[in-house]
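Participant: This is the structure, below, for whatever I ask next.
The values are calculated or read from the model by the stated rules, or taken from the named source; none is laboratory data. Every value quoted in this text rests on a predicted model; they were computed, and no experiment measured them. Every residue, glycine as well, gets a Cβ built from its backbone with ideal geometry; the counts of neighbours run over all protein chains shown.
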Amino acid sequence: MSAPKPKISKEAVPMPKQTPEERRYNFKEVAIGYNQENALLEAQRCLQCREAPCIKGCPVGVHIPVFIKSVKESKFEEAAKQIKEQNSLPAVCGRVCPQEEQCQSKCTLGKIGEPVSIGRLERYVADWEREHGFVIPEKRPPTGKKVAVIGAGPAGLTVASDLIKLGHEVTVFEALHKPGGVLTYGIPEFRLPKKIVEAEAEYIQKLGVTLKTDALIGRLYTIEELLQQFNAVFIGTGAGLPTFLGIPGENLCRIYSANEFLIRVNLMRSYDFPRAATPICVGQKVAVIGGGNVAMDAARCAVRLGVKEVKIVYRRSREQMPARAEEIENAEEEGIEFEFLTSPIRLIGDERRNVKAIECIRMQLAEPDKKGRRAAIPVEGSNFLMDVDTVIMAIGRTPNPIIKQTTEGLVTAEWGGIVVDENGKTSIEGVYAGGDIVTGEATVISAMGAGRRAAKAIHELLSKK
Ligand code: FAD
Ligand code: SF4
């Protein structure tokens, strides 16, 4: 008689975290990560489903049960190799991907309990590989074809790593002094340590990709000039231009776009001023306007800079907040207050033109429209003043217009994004695009998925030439 199968736990192995009391005062990573024992326990929960619905939920198609099986057998190097076949940034994705809406939302175990913690296992494997030394996969022989990639965010880095493995020569042009895009300048250290992004970007360079930083395309070269030196071009320039509300008083002092605020804190490390060169000026009453991940990140940075009162002002209710549920909970645990159904209509300054209050109005939700979205409508006469000394606008970002302005014949949408077909091909022969520049603000993994599709199409194009 065979031994009875061990009972599968309905509960996932929890992620060890810094307590809210500790983490309010530091920029260290909040989630500490699984140890080997945790990883083995969690991997044992995977049912190894034949159909593997989890794979369908992954925009880059990682072979999830295959790598989890390797973890279960303590073959961590093997697991890393299996993940890397589809995903060149696993330590990043294991930390910031909204798995609860993607692979984990499709997991069979989710029907009877908590789904397998795919993201935590991916993170464990990626961290194990980084600590034990990256394995560089074999590349195809050189094809003699050259590709220029504009932007070293998740979309650009994915295109670069896929194409270099196929034998093409790849050069990435990045406007900033460091690669990573939003991973480096936007997402804070306590959610995604910069050493992780640096290591994954370094791995891509070790594959043979040339990275040119401080290289702003549209100024250094135009796309037309790049096409004279390269056989194909990929545009992955993201959506880095901040949006403002267009209300009176937005040009007062101490009003930041979330982009500027997060770049100062993350990329320029202003939380370490004066050891770091860039300062940041925040008071004791900060209001962050917006309800997405960017708003949560800005508010949580403000807490760690020592601000006493941090409020998130959002015009809809908690259920409609676009931020990840986990990030909203983290923000609440750290003492951030939420003003739901509230919209700013005017910013008021003191005699030195520093912001001192926001005139707000209460909102109510209309009945859902055909898409189920509920518009926020102002409640007449409900105006009130909120005392503040710093305001951070986190209400959305659009593409920087420089590529559009300097590229004749490139078709763009009214909002500024580049128009592409299902393979990422633009209106110009040999020019492809993907990531936030095409979709508007989305996710790391959707930008990587677009990068993978474009790399496949570029490879097909170059194989015909
Ligand atoms: P980007 O990451 O924006 O990279 C574009 C790169 O192109 C940048 O490095 C930029 O400097 C460079 N560039 C721009 N113009 C030029 C030019 N003309 N020449 C050369 N280089 C140029 N997503 C998640 O999945 N999970 C999260 O938790 C999450 N949190 C977020 C938090 C914040 C604060 C922000 C802002 C975004 C967050 N996102 C999150 C969204 C996610 O980061 C983006 O969807 C993703 O980074 C888009 O990738 P990308 O490669 O298209 O663009
Ligand atoms: Fe494992 Fe869940 Fe994928 Fe099934 S659906 S293979 S249980 S991760």
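Participant: Give the residues of segment 143-159 that are more than 20 Å from L89 (Cα to Cα), in a loop (DSSP other than H, G, I, E, B) and either touching a helix residue (DSSP H, G or I) at 6+ places or on another chain (Cβ under 8 Å) or within 16 Å of ligand 1 (Cβ to nearest atom) (or both), sorted by residue number.
Facilitator: Matches in segment 143-159: T143, K145.
Participant: Tell me, yes or no, whether segment 45-63 has at least one residue that is exposed (fewer than 13 other Cβ atoms within 10 Å of the Cβ), within 30 Å of R300 (Cα to Cα) and of a type in the set (D, E, K, R).
Facilitator: No: segment 45-63 contains no residue that is exposed (fewer than 13 other Cβ atoms within 10 Å of the Cβ), within 30 Å of R300 (Cα to Cα) and of a type in the set (D, E, K, R).
Participant: Could you grab me the full set of residues in segment 242-255 that are within 16 Å of ligand 1 (Cβ to nearest atom) and either part of a loop (DSSP other than H, G, I, E, B) or closer than 14 Å to R353 by Cα (or both)?
Facilitator: Going residue by residue through segment 242-255, those that are within 16 Å of ligand 1 (Cβ to nearest atom) are 242-244.
Of everything in segment 242-255, those that are within 16 Å of ligand 1 (Cβ to nearest atom) and either part of a loop (DSSP other than H, G, I, E, B) or closer than 14 Å to R353 by Cα (or both) turn out to be T243, F244.
Participant: For segment 114-142, name all the residues that are out of contact with any helix residue (DSSP H, G or I) (no Cβ under 7 Å at 6 or more places or on another chain) and either of a type in the set (A, V, I, L, M, F, W, C) or within 11 Å of ligand 2 (Cβ to nearest atom) (or both).
Facilitator: E114
Participant: Among (1) free of Cβ contacts under 8 Å to residues at least 60 places away in the same chain; (2) of a type in the set (G, A, S); (3) more than 16 Å from ligand 1 (Cβ to nearest atom); (4) in the same structural domain as E200 (by TED's automatic domain parsing), where does G430 come up short?
Facilitator: (1)
Participant: Of the residues G181, G236, G186, only one is closer than 19 Å to C93 by Cα, touching a residue at least 40 places away in the same chain (Cβ under 8 Å) and in contact with a strand residue (DSSP E or B) (Cβ under 7 Å, 6 or more places away or on another chain); which? Don't jump to the end; show me each part of the working.
Facilitator: Numbers: G181 fails: in contact with a strand residue (DSSP E or B) (Cβ under 7 Å, 6 or more places away or on another chain); G186 fails: in contact with a strand residue (DSSP E or B) (Cβ under 7 Å, 6 or more places away or on another chain).
Only one candidate qualifies: G236.
Participant: For the structure I just gave you, tell me whether L207 is buried (at least 24 other Cβ atoms within 10 Å of the Cβ) and away from ligand 1 (no atom under 16 Å from the Cβ). Show your work before the answer.
Facilitator: Values: buried (at least 24 other Cβ atoms within 10 Å of the Cβ): no; away from ligand 1 (no atom under 16 Å from the Cβ): yes.
No; evaluated as a whole, the condition is false for this residue.
Participant: Kindly list the number of the only condition in (1) part of a helix (DSSP H, G or I); (2) closer than 23 Å to E138 by Cα that fails for E42.
Facilitator: So E42 meets the others, but not (2).
Participant: Is there a residue in segment 84-102 that is assigned to a helix (DSSP H, G or I) and away from ligand 1 (no atom under 14 Å from the Cβ)? Don't jump to the end; show me each part of the working.
Facilitator: Of segment 84-102, the ones assigned to a helix (DSSP H, G or I) are 84, 90-96, 99-101.
Then drop every residue that is not away from ligand 1 (no atom under 14 Å from the Cβ), which leaves 84.
Within segment 84-102, one or more residues are assigned to a helix (DSSP H, G or I) and away from ligand 1 (no atom under 14 Å from the Cβ).
Participant: From the set of residues in segment 45-56 that are at pLDDT 95 or above and either aliphatic (A, V, I, L, M) or not in a helix (DSSP H, G or I) (or both), which is nearest to ligand 1 (Cβ to nearest atom)?
Facilitator: I55
Participant: A further question on this structure: Which ones in segment 397-439 are in a loop (DSSP other than H, G, I, E, B) and either basic (K, R) or surrounded by 17 or more Cβ atoms within 10 Å (Cβ to Cβ) (or both)? Outline the logic, then answer.
Facilitator: Narrowing segment 397-439 to residues in a loop (DSSP other than H, G, I, E, B): 399-401, 407-411, 413-417, 419-424, 426-430, 434-435.
If the condition is that a residue be in a loop (DSSP other than H, G, I, E, B) and either basic (K, R) or surrounded by 17 or more Cβ atoms within 10 Å (Cβ to Cβ) (or both), then P399, N400, T407, L410, G417, V420, G424, T426, I428, G430, G434, G435 are the ones that fit.
Participant: Would you pick out the residues in segment 306-329 that are touching a Phe, Trp or Tyr at 6+ places or on another chain (Cβ under 9 Å) and either buried (at least 16 other Cβ atoms within 10 Å of the Cβ) or modelled with pLDDT of 95 or more (or both)?
Facilitator: Our first condition is that a residue be touching a Phe, Trp or Tyr at 6+ places or on another chain (Cβ under 9 Å); within segment 306-329, this holds for 306, 311-318, 320-321, 328.
Of everything in segment 306-329, those that are touching a Phe, Trp or Tyr at 6+ places or on another chain (Cβ under 9 Å) and either buried (at least 16 other Cβ atoms within 10 Å of the Cβ) or modelled with pLDDT of 95 or more (or both) turn out to be K311, I312, V313, Y314, R315, R316, S317, M321, I328.
Participant: Just one of (1) of a type in the set (G, A, S); (2) surrounded by fewer than 22 Cβ atoms within 10 Å (Cβ to Cβ); (3) over 17 Å from the mean Cα position of the chain (by Cα) trips up G292, so point out which.
Facilitator: (3)
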